[in-house]
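The values are calculated or read from the model by the stated rules, or taken from the named source; none is laboratory data. For clarity, every value in this text was computed on a predicted model and none was experimentally measured. Here the Cβ positions follow ideal geometry from the backbone for every residue, glycine too, while neighbour counts run over all protein chains shown.
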Amino acid sequence: MTKHLLFQALTKIIAGLAIIAALLFIPAGTLNYWQAWLFIGLLFVPMMAAGIILMLRNPDLLRKRLNAKEKQNEQKQVVAFSTLLFAATFIVAGLNHRLGWQYLPDWTVYAASTLFLIGYAMYAEVMRENVWLSRTIEVQEHQKVVDTGLYGIVRHPMYAATLLLFLAIPLVLASLWAFLIMLFYIPIIAKRIRSEEALLEQELNGYKEYKQRVRYKVIPFIW
């Protein structure tokens, strides 16, 4: 079972690497795009490390995340639109490199890389704190409200982490136009949060009281 899980994880990582590399380097028309190589390293090295840790410590969570699929039609549309958004972001970043539309300075790339790693660290902490963490909107058997750690600051620290990660991506790739495209992720995540909270209020005991204790969804004092 562990060998099958390892093969499944490696297959998805390699496939993701190949797709992202194609979306970046083919529009760029060259492999001489150091910001793209930096992003690939920032994305996949921690991803592989996290996968190894999950496989050793919590293989059930890794298996659940690898096989998760949305069941609600509305959320399937959200996932589909998010996929198109990412594809457009990578393609535009590659074209930006080839055509030199608006190239961001190196300090922006380095600062965004730091933010990307901070987002990764937040994501890892959320996975450690919440054993019921899922890629799909659902309430699991015996699930309880988590209100400690990052969950004591905002109700959706996973989305806070992904927002930081995703908005940092086009800046790591040195593309202002790609960043403007990625801003459309904000209404996407807002719609997903609304659907998730509606379900949690109905099916998770104590969630309404938790909402009263922790006012902010994603960003303290802002959202």
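Here are the numbers for this structure:
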{"quantity": "Matching residues, the range 99-128, being part of a helix (DSSP H, G or I) and of a type in the set (Ser, Thr, Tyr)", "calculated": "Thr108, Tyr110, Ser113, Thr114, Tyr120, Tyr123"}
{"quantity": "Out of Ala160, Ala174, Ala168, sole residue that is in contact with a strand residue (DSSP E or B) (Cβ under 9 Å, 6 or more places away or on another chain) and within 19 Å of Thr114 (Cα to Cα)", "calculated": "Ala174"}
{"quantity": "Meets criteria (assigned to a helix (DSSP H, G or I), touching a Phe, Trp or Tyr at 6+ places or on another chain (Cβ under 8 Å) and surrounded by 15 or more Cβ atoms within 10 Å (Cβ to Cβ)) for Leu95", "calculated": "yes"}
{"quantity": "Matching entry among Ile188, Ile153 (being closer than 16 Å to Leu85 by Cβ, in contact (Cβ under 8 Å) with a residue 60 or more places away in the chain and aliphatic (A, V, I, L, M))", "calculated": "Ile188"}
{"quantity": "Within the range 177-213, considering residues that are touching a Phe, Trp or Tyr at 6+ places or on another chain (Cβ under 7 Å) and of a type in the set (Val, Ile, Thr), the one surrounded by the most Cβ atoms within 10 Å (Cβ to Cβ)", "calculated": "Ile189"}
{"quantity": "Residue in the range 5-16 that is in contact with an Asp or Glu (Cβ under 7 Å, 6 or more places away or on another chain), modelled with pLDDT under 70 and either closer than 19 Å to Ala124 by Cα or in a helix (DSSP H, G or I) (or both) present", "calculated": "no"}
{"quantity": "Close pairs (6 angstrom Cβ cut-off, 6 or more residues apart or separate chains): within 22 Å of Trp34 (Cβ to Cβ) in the range 80-106, outside any helix (DSSP H, G or I) and of a type in the set (S, T, N, Q) anywhere", "calculated": "Ala93/Ser175; Asn96/Ser175"}
